[in-house]
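Inspection log for the structure reproduced underneath, given as structure tokens.
The values are calculated or read from the model by the stated rules, or taken from the named source; none is laboratory data. Model, not experiment: these values are computed from the prediction. All Cβ positions, glycine included, derive from the backbone under ideal geometry; neighbour counts span all protein chains shown. Keep in mind that these areas ignore ligands, DNA and RNA; they rest on the heavy atoms of the full protein, side chains included. Shrake-Rupley method; radii C 1.70, N 1.55, O 1.52, S 1.80 Å.
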Amino acid sequence: MNSILIVYSSHYGSTQRYAQWIAEDLGVQARDIRQVSREEIRSAKIVALGGGLYAGGVSGAKKLLSNLGEGQRVCVFTCGVADPKSEQNRAHIRAEFEKRLGERARGVELFHVRGGLDYGKMSPVHRAMMAMMRRMLLSKPKEQRTSEDEQILATYGSRVDFVSRDQTAPIVEWIRQAARSI
């Protein structure tokens, strides 16, 4: 399976952990997308990108998708605090992904894994974004808040970690099936 490229863009480590677990299960190496050349991306038959969710965008997706070649099988797994079991969350992530990447998002298999937050390690920009989100959620009438909204408010300023290796199983299986078909 040397035609598989696993890349990630991770600010705080959750996405990197997922990418390394996936790569380990497939017998390949996970690489930071900043250290991967256009030629390496274009020469892989199967490419998987893990990227954190930031303000609706997927970290690393633009670089990856703008450097793809023809006929490649591509999956992206997003990593964020939003619960991927929620159909509403998945639909929102998909819509933002397609809105931001347009035609490049076509044909990309999209997965979602749950990451974590550690306010003590956040950059000032990310802390400010979370503070704005908190203010926005507090301004919503309580009866209009989702369970996700309530969870963000309840854990604001603290550390939460939902990272779990078992969340990688569907991604690994998709890559294995893609590898069998090439």
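How would you classify segment 44-121 from its alpha-carbon gyration tensor, with a ≥ b ≥ c the square roots of the eigenvalues: rounded for a/c under 1.5, else prolate if a/b is greater than b/c, otherwise oblate? Judged from the Cα gyration tensor, segment 44-121 comes out prolate (a/c at least 1.5, a/b above b/c).
So what's the convex hull volume per residue for the Cα atoms of segment 25-79, in Å³?
Details: hull volume 4.8 nm³, N = 55.
Measuring per residue, one finds 87 Å³ for the Cα hull of segment 25-79.
Between Gln151, Gln20, Gln29, the Gaussian network model of the chain with springs among Cα atoms under 10 angstrom shows the greatest mean-square fluctuation at Gln151. Measuring nothing but how far apart in sequence close Cα pairs (under 8 Å, 6+ apart) lie, relative to its length, segment 59-182 scores a relative contact order of 29 percent. The average projected area of segment 43-182, computed from the convex hull of its Cα atoms over all directions, is 9.4 nm². Of the residues Val76, Val81, ranked by 1.4 Å probe accessible area with the largest first, the sequence reads Val81, Val76. For the chain, modelled as a GNM whose springs connect Cα atoms under 10 angstrom apart, the maximal fluctuation among Glu39, Glu96, Glu70 occurs at Glu70. Per residue, the accessible area of the chain comes to 54 Å² when a 1.4 Å probe rolls over the protein heavy atoms. Each other residue within a Cβ distance under 13 Å of Leu101 adds +1 if Lys or Arg and -1 if Asp or Glu, for a net charge of +4. For the chain, the antiparallel share of DSSP beta bridges with both residues in that region comes to about 20%.
A simple count of charges around Lys62, restricted to other residues whose Cβ falls under 12 Å of its Cβ and scoring Lys, Arg +1 and Asp, Glu -1, yields +3.
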